[in-house]
1. Just checking, which of 148, 120 is exposed (fewer than 10 other Cβ atoms within 10 Å of the Cβ), outside the structural domain of residue 31 (by TED's automatic domain parsing) and in a loop (DSSP other than H, G, I, E, B)?
2. Of the conditions (1) at pLDDT below 90; (2) within 30 Å of residue 11 (Cα to Cα), residue 118 satisfies every one except a single condition; which number is it?
3. Going by the structure shown, is residue 105 over 24 Å from the mean Cα position of the chain (by Cα) and either modelled with pLDDT of 90 or more or under 30 Å from residue 14 (Cα atoms) (or both)?
4. Might you check whether a residue that is surrounded by fewer than 10 Cβ atoms within 10 Å (Cβ to Cβ), within 30 Å of residue 11 (Cβ to Cβ), at pLDDT 90 or above and over 27 Å from the mean Cα position of the chain (by Cα) occurs anywhere in the range 39-49?
5. Given the conditions (1) surrounded by fewer than 11 Cβ atoms within 10 Å (Cβ to Cβ); (2) within 30 Å of the chain's Cα centre (by Cα); (3) within 23 Å of residue 12 (Cβ to Cβ), and given that residue 33 satisfies all but one, which numbered condition is not satisfied?
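The values are calculated or read from the model by the stated rules, or taken from the named source; none is laboratory data. None of the values given here were measured: they were computed from a predicted structure. Glycine gets a Cβ as well: all are built from the backbone with ideal geometry, and neighbour counts include every protein chain shown.
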């Protein structure tokens, strides 16, 4: 670091986290046209991070001074409880549907083997996985179901 009296004029930063470096490279490629060079981009990121950290500090300080920190924590806890409740309901619905499907598939399996025996078709063919491939129209059915799910609105928390 180079110093001028009590001010730092230059600072070198080393980053060793490969994931962070990849993220940084991806963002640089995305924003490269807005900056004169990579250093200017990284300095801007550092300043934005510093601004964000200072804003968080000021918010916490303000909440402490006003005595609202506990009411804010209570509000956030209530919000998290609502999110957990919604997630639990979705999980419960998926669990029930999965168990229903498991029961239906088991029943169909046994019915098909009875029919196969009546027509002298060997169960070995089925059990070897020879019939595991999805029918051709399943890809379109799957895509339609994905689109239907996505059309229900933004499902991200």
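1. On the way: 148 fails: in a loop (DSSP other than H, G, I, E, B).
Criteria check complete, one pass: 120.
2. The failed condition is (2).
3. yes
4. Yes, because at least one residue in the range 39-49 is surrounded by fewer than 10 Cβ atoms within 10 Å (Cβ to Cβ), within 30 Å of residue 11 (Cβ to Cβ), at pLDDT 90 or above and over 27 Å from the mean Cα position of the chain (by Cα).
5. For residue 33, the exception is condition (3).
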